[in-house]
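What follows is calculated from the coordinates using simple rules that are stated; it is not laboratory data. Just so it is clear, the model here is predicted, and its values are computed rather than measured. Glycine gets a Cβ as well: all are built from the backbone with ideal geometry, and neighbour counts include every protein chain shown.
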Amino acid sequence: MTPAEARREAHRILGERRFHGTSLPRPLHGVLHWLGQKLGFLGRFSRWLDREVGIPNLLWWILAGIVVAVALYVAIRLANRRTRADRTAAALARAEQSLDPRELERLADEAERRGDLEIALRLRFRAGLIRLALAERLPARPSLRTYEARRILRNPRFDRLARDFDEVVYGRRPAQAADVRVAREEWPLV
């Protein structure tokens with residue numbers, strides 16, 4: 001093979017598709033380019049900080065510390081919420097065993113003192129329903145829905161108590177001290 005033939009053969013081989021780049025779709029290119037332009041000051045600041053302070057990547061260490069702090073904060077909040085939910089479940093389990101309204105009221109007072117306002121509200125509501133069932137104003141069944149009790153009783157005081165209960169328990173509105181106070185004062189009047 002002559003040098004000219006070898007060059008032609010090399011040209012032909014190098015002309016094949018596998019030796020040339022392809023144009024792949026780049027859907028995020030525009031967004032990433034824009035983001036790079038907007039956040040370029042961070043890179044310039046980081047390089048300046050490295051030169052002036054002498055600690056390499058100081059800015060990135062600071063940002064990593066902030067991310068860790070935020071993650072720790074979120075983890076603690078989640079753990080507290082789960083702990084509160086576990087206490088709620090335990091108190092409700094104890095309440096399920098008791099059908100004595102006085103015992104439920106006592107447990108509600110304890111929960112209120114601990115600051116577990118949702119538990120206190122749930123226990124007072126259950127005690128009130130049991131009292132109404134004992135007075136034969138409501139059917140004594142655990143599957144009784146709030147709207148059924150409202151329809152049977154047609155009592156504006158009960159309607160308010162039921163609305164607050166539903167908002168807290170099913171609507172996940174945080175229970176307020178006023179909700180528990182109203183329940184404590186209004187249930188005897190229902």
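Taking 8 Å as the Cα distance limit and 6 or more residues as the minimum spacing, I'd like the relative contact order of the chain as a percentage.
This gives 14 percent for the chain.
Two-decimal Rg/Rh of the chain from alpha-carbon positions, Kirkwood Rh?
My calculation puts Rg/Rh at 1.47.
Using r as the Cβ-Cβ distance of Arg102 and Ile76, and R0 as 41 Å, what FRET efficiency do you calculate, to the nearest 0.05?
Calculated transfer efficiency: 0.60.
Per the Kirkwood formula on distinct C-alpha pairs, the Rh of segment 1-87 is how many angstrom?
This gives a value of 19.3 Å.
Which of the helices in the chain meet the span-like rule: DSSP H, Cα axial reach of 15 Å or more, Kyte-Doolittle mean at least -1.0?
The qualifying helices are 3-14, 40-53, 58-97, 117-134, 156-169.
Given springs between every Cα pair under 10 Å in a Gaussian network model of the chain, which of Arg17, Arg141, Arg44 has the largest fluctuation?
Arg17
Report the FRET efficiency, 1/(1 + (r/R0)^6), for Asp159 and Leu39, where r is their Cβ-Cβ distance and R0 is 41 Å, rounded to 0.05.
Between Asp159 and Leu39 the formula returns 0.15.
Rounded if a/c is under 1.5, else prolate if a/b is larger than b/c, else oblate: which is segment 143-190, with a ≥ b ≥ c the root eigenvalues of its Cα gyration tensor?
oblate
What distance in nm separates the simple spin-label points at Glu16 and Ile66, each placed 7 Å from Cα in the Cβ direction?
About 5.2 nm, to one decimal.
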